[in-house]
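Note sheet for the following structure.
The values are calculated or read from the model by the stated rules, or taken from the named source; none is laboratory data. Keep in mind it's a predicted model, so treat the numbers as computed, not measured. FYI the Cβ positions are ideal-geometry reconstructions off the backbone, even for glycines, and counts take in every protein chain you see.
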Amino acid sequence: MQILLNELSLNGQFESVEDFSENAIPKIISVFKDLGEKDLVYKKYDFFNQNVTAHQNVHQILTGAASRTFDEIRRFKVYLFNLFEDPYWEESPKHSFDNNYIYQDSDIRGTSLAESCERDLMVLSFLHVDFTTNQLIVTKNVNNIEVENLLDKGDYFEACWNLNKTTLEEYCHNKYNDKSKLNFTLIDDRHGFNLLESNDDIEIFKGGFKKFEELTWQQIGVDDGLDYKPYDNKNFYKEIKTKKHKFRINQKYRCFGFVENGIFYVLCFDLTHKLSD
């Protein structure tokens, strides 16, 4: 993916370097952690001249005393290290000044946001009142273009999903990590994602996982829709000694697994209701 740093999201809006360090940097770092090794983050030549506070720009903060004072800025420099060099999108621009690019009634030609419309439709923004949503609508001439806006942890995986750049299996392995209630590292390849043949089934399972993840364990235990309960078939993955459970994806589909340390390890899906029967 080609992701562009949105320099428009830095215009001196932070009251202090401490404000920037505490409220903006952790979110940006979490986005960088989600990116893959092959993902490229492009920027404008003048990105480091963008003001963070009223009196200090990016370059001054990353090279001045603040970089030795605030732990978050030191961590940020690790992720930004390669950004001091290439890639700059202006070396090979894709958008043309012959077209109009409008965002919130402003002409944005010559910006990373406009350039993203001609690349992979993805920008990375800092905390800014004009860029608070994960989808930004840019009008190119008379047509609206939806650009994915990365603001915090997990946004990248949602953006890849929205842009059809990932499968549900890849999405789940990336989205639900060691801090989630769901884990897909032990799923049976024979009875897992390969069973989902239609887009409808894929969306149904994605929605079921989302609901499970967003509820607390207490809510999961009493939710009529999920119908979370033990599964007592002794021959079911008998090599795994932990008690098995299942929850409902919809009236017919089920998800089976076991819980350990507050994490539900998914073992398989059931699309026929045969396991439950």
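Selection of segment 244-257 for residues being part of a loop (DSSP other than H, G, I, E, B) and either touching a Phe, Trp or Tyr at 6+ places or on another chain (Cβ under 6 Å) or surrounded by 11 or more Cβ atoms within 10 Å (Cβ to Cβ) (or both) yields ILE249, ASN250, LYS252, TYR253. Tallying residues that are in the same structural domain as THR216 (by TED's automatic domain parsing) and more than 16 Å from HIS191 (Cα to Cα) within segment 249-277 yields 8. Contact map, segment 179-204: residues that are aliphatic (A, V, I, L, M) paired with residues that are part of a helix (DSSP H, G or I), Cβ distance under 7 Å, separation 6+ or inter-chain. Pairs shown: LEU182/PHE209; LEU182/PHE212; LEU182/GLU213; LEU196/LEU168; LEU196/ILE202; LEU196/PHE205; ILE202/LEU168. Listed by first and then second residue, the pairs with beta-carbon distance under 8 Å, at least 6 apart or on different chains, first residue in segment 1-16 and in a helix (DSSP H, G or I), second among the acidic types (Asp, Glu) and surrounded by fewer than 24 Cβ atoms within 10 Å (Cβ to Cβ), are GLU7/ASP46; LEU8/ASP130; SER9/ASP130. Taking the criterion of being more than 21 Å from LYS27 (Cα to Cα), assigned to a loop (DSSP other than H, G, I, E, B) and either of a type in the set (S, T, N, Q) or outside the structural domain of ALA24 (by TED's automatic domain parsing) (or both), the only residue of segment 134-157 that qualifies is ASN141.
For residues in segment 45-70 being in contact with an Asp or Glu (Cβ under 8 Å, 6 or more places away or on another chain) and of a type in the set (Ser, Thr, Tyr), which is farthest from GLN13 (Cα to Cα)? In this case the residue turns out to be TYR45.
Output yes when any residue across segment 120-133 is part of a loop (DSSP other than H, G, I, E, B), crowded, with 16+ Cβ neighbours inside 10 Å and modelled with pLDDT under 95, and no when none is.
Here is the first cut: in segment 120-133, the ones part of a loop (DSSP other than H, G, I, E, B) are 120-121, 125-133.
Adding the requirement that they be crowded, with 16+ Cβ neighbours inside 10 Å leaves 120-121, 125-128, 131.
Now narrow it down to the ones that are modelled with pLDDT under 95: none.
Looking through segment 120-133, none of the residues is part of a loop (DSSP other than H, G, I, E, B), crowded, with 16+ Cβ neighbours inside 10 Å and modelled with pLDDT under 95.
Just one of (1) in contact with an Asp or Glu (Cβ under 7 Å, 6 or more places away or on another chain); (2) more than 18 Å from LEU271 (Cβ to Cβ) fails for ASN235. It is (1). Could you list, in sequence order, all residues of segment 118-133 that are of a type outside the set (Ser, Thr, Tyr) and under 14 Å from ILE28 (Cα atoms)? Selection gives VAL123, LEU124, PHE126, LEU127, HIS128, PHE131. Among the residues of segment 258-275, those identified as surrounded by 15 or more Cβ atoms within 10 Å (Cβ to Cβ) and not in a strand (DSSP E or B) are LEU271, LEU275. What is the residue count in segment 1-31 for residues that are out of contact with any helix residue (DSSP H, G or I) (no Cβ under 7 Å at 6 or more places or on another chain), surrounded by 14 or more Cβ atoms within 10 Å (Cβ to Cβ) and of a type in the set (Asp, Glu)? Residues that pass the stated criteria total 2.
Could you check segment 20-108 for helices (runs of 4 or more DSSP H) lying wholly inside it with 1 or more residues that are under 25 Å from the mean Cα position of the chain (by Cα) and within 20 Å of MET122 (Cβ to Cβ)?
On the way: elements: 25-34, 58-63, 66-69, 71-80.
Once the helices (runs of 4 or more DSSP H) in segment 20-108 are filtered for at least 1 residues that are under 25 Å from the mean Cα position of the chain (by Cα) and within 20 Å of MET122 (Cβ to Cβ), what remains is 25-34, 71-80.
Being in contact with a strand residue (DSSP E or B) (Cβ under 9 Å, 6 or more places away or on another chain) and not charged (D, E, K, R) holds for only one residue in SER198, SER276, and it is SER276.
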